[in-house]
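Encoded as structure tokens, the structure appears first; notes follow it.
The values are calculated or read from the model by the stated rules, or taken from the named source; none is laboratory data. On a predicted model such as this, the values are computed, not experimentally measured, just so you know. We place every Cβ from the backbone using ideal geometry, glycine too, and count neighbours over all the protein chains shown.
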Amino acid sequence: MNTQTIITALNAVRAQKPLVLNITNYVVMNNTANGLLAVGASPIMAHSRDELAEMMAFSGALVINIGTLDSVWIERMMFAVEQANRHHKPVVLDPVGCGASSLRTETSRRIAEAAEQLILRGNASEIIALAGAGANAQAKSKGVDALDASEAAVGAARYLVRHYGCSVVISGETDFIVTDNGEIRLNNGHAMMPFVTGMGCTLSALTGAFAAVGETTGLAAAAVLGVAGEIAAEQSAGPGSLQLNLLDALYCLDAETLMQRLKLTSSS
Amino acid sequence: MNTQTIITALNAVRAQKPLVLNITNYVVMNNTANGLLAVGASPIMAHSRDELAEMMAFSGALVINIGTLDSVWIERMMFAVEQANRHHKPVVLDPVGCGASSLRTETSRRIAEAAEQLILRGNASEIIALAGAGANAQAKSKGVDALDASEAAVGAARYLVRHYGCSVVISGETDFIVTDNGEIRLNNGHAMMPFVTGMGCTLSALTGAFAAVGETTGLAAAAVLGVAGEIAAEQSAGPGSLQLNLLDALYCLDAETLMQRLKLTSSS
Amino acid sequence: MNTQTIITALNAVRAQKPLVLNITNYVVMNNTANGLLAVGASPIMAHSRDELAEMMAFSGALVINIGTLDSVWIERMMFAVEQANRHHKPVVLDPVGCGASSLRTETSRRIAEAAEQLILRGNASEIIALAGAGANAQAKSKGVDALDASEAAVGAARYLVRHYGCSVVISGETDFIVTDNGEIRLNNGHAMMPFVTGMGCTLSALTGAFAAVGETTGLAAAAVLGVAGEIAAEQSAGPGSLQLNLLDALYCLDAETLMQRLKLTSSS
């Protein structure tokens, strides 16, 4: 059933070519734009207050990525979230480096608080840092020392799902998609993927493309990127090749390959 | 005759390695710099008022691209155009997203108005939006409903040529080079090219390189990128490969291949 | 002996995965991050005063690259250097375009003056411009007309080594590593490398990775990039392929290949 949802969503992205408005970091602007194009969506990279209101009106989703943050960009991000709310559009937040500085932790929480239709996409440590003390209190009651990093992150994600009314995608060796309806585990992807900068940022951008066509759990993007990434890695001598083979694999991915390769398990 | 002009211009770029000063968007800075290097030119990316005057003095052309615009960048762009005028250097304007926000439409017009030696490079909708009401009035008198998108864009370009005293390159499935001397149609390129972000931005950057050696119509850049793009696409499984094969093809392109592949038609 | 130092340093980078904090230019942020990942290090790109103090505390080195400079970025750079000094971390300065504008020359000198543990990495003209009149005075006393560009650059580097108490890497067809202990010449690399934008910036970033594990001369980074670059170029039809093959070669480089290919000569 999940598999069919993913295929339907991929077909919808390719048919509708949704506009995805990205306020993202300098490092990955080029490859996230290329990732969106390769999957069939239409990227817009814009950040000026003088045009965000106009552009959000005709965009299908907003993706906020805090990878290269400063006070000027924070105000742009907050304004963009207001506009997304005004037009009832989903907001994907990628809290890059959340926990590595108080600026990032606090900004991530401000944005998450502000967005009315929120999807969070981060790695385990970012999700744990974003949840912070609230999730820790809960984890402790279960005996935190017994938890491995993934379990701790899923616990944090459950807290975030309740606290913000959002979906959470934790990406890593195993991806976890955490929603009100429980968790889905995804075991696609490849160990070489973390050697390409911004792979998580690409996942967040694709999550925006799928949200724009109504798939707001984050599952379809994680599945498509995981499968395309493992196809690409199998053809690659190193991370340079992987970066380009990934775009080719996203562009060429068909339903049959996706079905054959998907490694999904649900627990609700 | 046009073919010989293009080959002469390509040889001149490779021999003179002109410095091209780019004020462009964050998304494409890397690949436009690589595009300029691959064709034989020398990119400079600089934007500070504290050095633009000095740098414009020894650069051969200025390329302004409004892809990621804000009020700070607009002032830099206007100052750079002043410096280009002062040194009698050509200015290529890429009005990215013109029509998608009033900020972009107005800024494009300000820059076009200011530049004394102007070449415009955009897609059909950007050129139509830039021309705006002036061109519409003219088109209506010819019965606008009868026009397809390309004809509307060529009509808009003719208006812009007269209004700004510029050349206009409309890129798309067919490229149109519109000047005082009429139009040239170019049917090179490949359907996969729009799946790579910033392909039009690369064309604008190359247009600057050719303008710096005296080819100020925009034809040579469109021809070289169109032919290199189709060679690259024929070797590519998807847009990731295309992006890198394009740089290889620009670097390797020789006069014979260019002559064999060019699909030009003039109407003056 | 130098060869063993280089291999030891490469193994240390791969084992320790040092965090390298980069304040660099918009053009190369993506490929320098990918270069750092491919060699085994961990890139951080951050620039806000609100988090640089925190982040410098747990980073192993600071890399400052002035490629796209303005007054806002200069203050960020100076603040980051203060933080690096406070935590006794090495600072790599890449004075991109030093000599092409007075802004760049003056800013390079301000940063070089401020950094307590400094490594400079530039091309011959940047190093000569950075040294300026001080080195010229010395060169003149030896008869400057007799010097070729490399010799002039090495003379400038010797002046900088004394003046700032730093190491200097001059990259070019032959790389020169100039320290208190004399010079090392490195004859690796490939003539196609300058056709990829930011190759020198990648070298500066790698220099930061090696400095973070205690190799503060700049030699190991120049050797690793030179050898990986020539392996990559031999497999590449043009600069597009070279950019990605370089990342693959950095990722795959082993001690045996490095030893076989290294072309080092010392003169102390």
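For this structure, a couple of remarks:
- Flag for residue A:241 being under 27 Å from residue C:32 (Cβ atoms), of a type in the set (Gly, Ala, Ser) and in a helix (DSSP H, G or I): yes
- Odd one out for residue A:211 among (1) within 12 Å of chain B (Cβ to nearest Cβ); (2) among the hydrophobic types (A, V, I, L, M, F, W, C); (3) crowded, with 22+ Cβ neighbours inside 10 Å: (1)
- All of (1) in contact with a strand residue (DSSP E or B) (Cβ under 9 Å, 6 or more places away or on another chain); (2) at the interface with chain C (Cβ under 9 Å from one of its Cβ atoms) hold for residue B:49 with one exception: (1).
- Every residue from segment B:167-187 that is surrounded by fewer than 22 Cβ atoms within 10 Å (Cβ to Cβ) and not hydroxyl-bearing (Ser, Thr, Tyr): B:172, B:173, B:180, B:181, B:182, B:183, B:185, B:187
- In segment B:239-248, residue farthest from residue B:203 (Cα to Cα) [restricted to those that are crowded, with 23+ Cβ neighbours inside 10 Å and touching a residue at least 40 places away in the same chain (Cβ under 8 Å)]: B:239
- Residue count for segment A:52-82 under the criterion of being more than 13 Å from chain B (Cβ to nearest Cβ), hydroxyl-bearing (Ser, Thr, Tyr) and not in a helix (DSSP H, G or I): the result is 0.
- The single condition among (1) more than 15 Å from the chain's Cα centre (by Cα); (2) in a loop (DSSP other than H, G, I, E, B) that residue B:251 does not satisfy is (2).
- Comparison of B:214, B:218, B:208, B:226 shows that the only residue that is in contact with a strand residue (DSSP E or B) (Cβ under 9 Å, 6 or more places away or on another chain) and on the phi > 0 side of the Ramachandran plot is B:218.
- Taken together, the residues in segment C:133-153 that are modelled with pLDDT of 90 or more and part of a loop (DSSP other than H, G, I, E, B) amount to 0.
- Top-ranked residue of segment C:166-213 - restricted to ones that are of a type in the set (S, T, N, Q) and not in a helix (DSSP H, G or I), ranked as nearest to the chain's Cα centre (by Cα): C:171
- Filter result for the condition that a residue is out of contact with any strand residue (DSSP E or B) (no Cβ under 8 Å at 6 or more places or on another chain), away from chain A (no Cβ under 14 Å) and within 24 Å of residue B:119 (Cα to Cα), over B:247, B:258, B:264: B:258
- Single residue of segment A:214-235 satisfying the filter (part of a helix (DSSP H, G or I) and not hydrophobic (A, V, I, L, M, F, W, C)) that is farthest from the other protein chains (Cβ to nearest Cβ): A:226
- The condition (being under 21 Å from residue A:240 (Cα atoms) and over 16 Å from the mean Cα position of the chain (by Cα)) is satisfied by just one residue among C:56, C:45, C:29: C:45.
- Search result, residues across segment B:224-238 that are free of Cβ contacts under 8 Å to residues at least 60 places away in the same chain and of a type in the set (Val, Ile, Thr): B:227, B:231
- Residues of segment C:38-63 that turn out to be of a type in the set (A, V, I, L, M, F, W, C) and in contact (Cβ under 8 Å) with a residue 60 or more places away in the chain, as a count: 6
- Residue B:106 being surrounded by fewer than 24 Cβ atoms within 10 Å (Cβ to Cβ) and within 29 Å of residue C:101 (Cβ to Cβ): no
- Consider segment B:17-38 and keep the residues that are surrounded by 24 or more Cβ atoms within 10 Å (Cβ to Cβ), among the β-branched types (Val, Ile, Thr) and not in a loop (DSSP other than H, G, I, E, B). The one that is farthest from the other protein chains (Cβ to nearest Cβ) is B:20.
- Candidates in segment A:94-132 are the residues that are in a strand (DSSP E or B) and of a type in the set (S, T, N, Q); of these, the one that is farthest from the other protein chains (Cβ to nearest Cβ) is A:123.
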